[in-house]
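Here's the structure we're looking at; comments come further down.
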Amino acid sequence: MNKDIDNLLLNNYGQMSYDEYEFIYDLIEKNSPCNLLIFGLGKDSKLWTKLNKGYTLFVEDNKDWIEKIKPELTNNFRIINYQYNTKLDKWIDYLNNENILNLLKIKNDKLNINWDIVIIDGPNGFSNSTPGRMVPISTTYTLNKNHVLIHDCDRTVENIYSRIFFGNDFKMINKLRIYEK
C-alpha cells in the first residue's frame, strides 16, 4: 500500500478509489517531469504537484476552492479560473456547438502545448444545474496529448462524450476511463 494514497483516502472519502488513485500516482511518477493538465482542483491536487517535477496546469471554476487549495500546492503549477457557460441538462444541445465546447479557442496560449497526461475530474457534473464535463472532454480531444484520464465515466454524460470524442478503445479502473496514445 502507498502511504500517500492511504492518507489521501482518509481525507478525501467518496472521491476516487484506491485503485484509481494508484493508477494516476504511478502514471505521473513514471512520466515526471511532465506536462500535466488537470480539469478540477481537489484534495488530491497537492499530491499531483508533489509527484510531478514538471509543469502542472489546473483549470477550475470555483474561486473559493482555488483559494483553499492553492497555498498547499508545490512545484511548477498554474491555475486558470474558468467559468463554464454550460449546464449538464443541455449536453445534447452542445454536441454540435463548437463555440461552446472548445475551451482552446479561449485559452489558446495556455493550453496549446504538448500534454503528457490530461486528467478530467471537473467541473462538477452530478446534477442538471452543474456545468458538466462536456467542455473539458471536447477540448482535450483537440489537444496534443499522450494519456487522457476521465473520471466518473459511470455517469451518462462522461460516458457518452468520452466515447464520442475518444472512441471505445480504453481501459477502465472503476469509474476512471483511460485513453492512451
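Points worth noting:
- Residue check, ARG177 over 20 Å from TYR84 (Cβ atoms), of a type outside the set (Phe, Trp, Tyr) and within 12 Å of the chain's Cα centre (by Cα): yes
- The number of residues in segment 124-156 being of a type in the set (A, V, I, L, M, F, W, C) and surrounded by fewer than 19 Cβ atoms within 10 Å (Cβ to Cβ) comes to 2.
- Considering (1) surrounded by fewer than 19 Cβ atoms within 10 Å (Cβ to Cβ); (2) among the acidic types (Asp, Glu); (3) within 25 Å of LEU51 (Cα to Cα), the lone condition that ASP121 does not fulfil carries the number (1).
- Leading residue by the ranking (surrounded by the fewest Cβ atoms within 10 Å (Cβ to Cβ)) among those in segment 9-40 that are at pLDDT below 95 and within 21 Å of ASN62 (Cα to Cα): GLY14
- Unique residue being of a type outside the set (D, E, K, R) and farther than 21 Å from PHE166 by Cα when the list is ASN99, ASN114, ASN146, ASN62: ASN62
- Test result for LEU57, farther than 24 Å from ILE164 by Cβ, hydrophobic (A, V, I, L, M, F, W, C), in contact with a Lys or Arg (Cβ under 6 Å, 6 or more places away or on another chain) and surrounded by 20 or more Cβ atoms within 10 Å (Cβ to Cβ): yes
- Among (1) touching a Gly at 6+ places or on another chain (Cβ under 7 Å); (2) free of Cβ contacts under 8 Å to residues at least 40 places away in the same chain; (3) not hydrophobic (A, V, I, L, M, F, W, C) - the single one TYR25 does not satisfy: (1)
- Considering residues of segment 37-58 that are touching a Ser or Thr at 6+ places or on another chain (Cβ under 9 Å) and among the aliphatic types (A, V, I, L, M) only, the residue farthest from ASN146 (Cα to Cα): LEU51
- One residue stands out in segment 73-99 among those that are surrounded by 13 or more Cβ atoms within 10 Å (Cβ to Cβ) and of a type in the set (Lys, Arg): the one that is nearest to VAL59 (Cα to Cα), namely LYS87.
- Residue that is in contact with a helix residue (DSSP H, G or I) (Cβ under 8 Å, 6 or more places away or on another chain) and touching a residue at least 60 places away in the same chain (Cβ under 8 Å), where the choices are GLY122, GLY132: GLY122
- Residue among ILE160, ILE150, ILE120 that is within 27 Å of TYR21 (Cβ to Cβ), in contact with a Gly (Cβ under 9 Å, 6 or more places away or on another chain) and among the aliphatic types (A, V, I, L, M): ILE120
- Filtering segment 110-118 for residues that are within 27 Å of GLU29 (Cα to Cα), outside any loop (DSSP other than H, G, I, E, B), of a type outside the set (Phe, Trp, Tyr) and at pLDDT below 90 leaves a non-empty set.
- Residues considered: ASP152, ASP169. Of these, the only one that is of a type outside the set (Val, Ile, Thr), without any contact (Cβ under 8 Å) to a residue 60 or more places away in the chain, assigned to a loop (DSSP other than H, G, I, E, B) and closer than 24 Å to ASN62 by Cβ is ASP152.
The values are calculated or read from the model by the stated rules, or taken from the named source; none is laboratory data. Not measured: the values here are computed from a predicted model. FYI the Cβ positions are ideal-geometry reconstructions off the backbone, even for glycines, and counts take in every protein chain you see.
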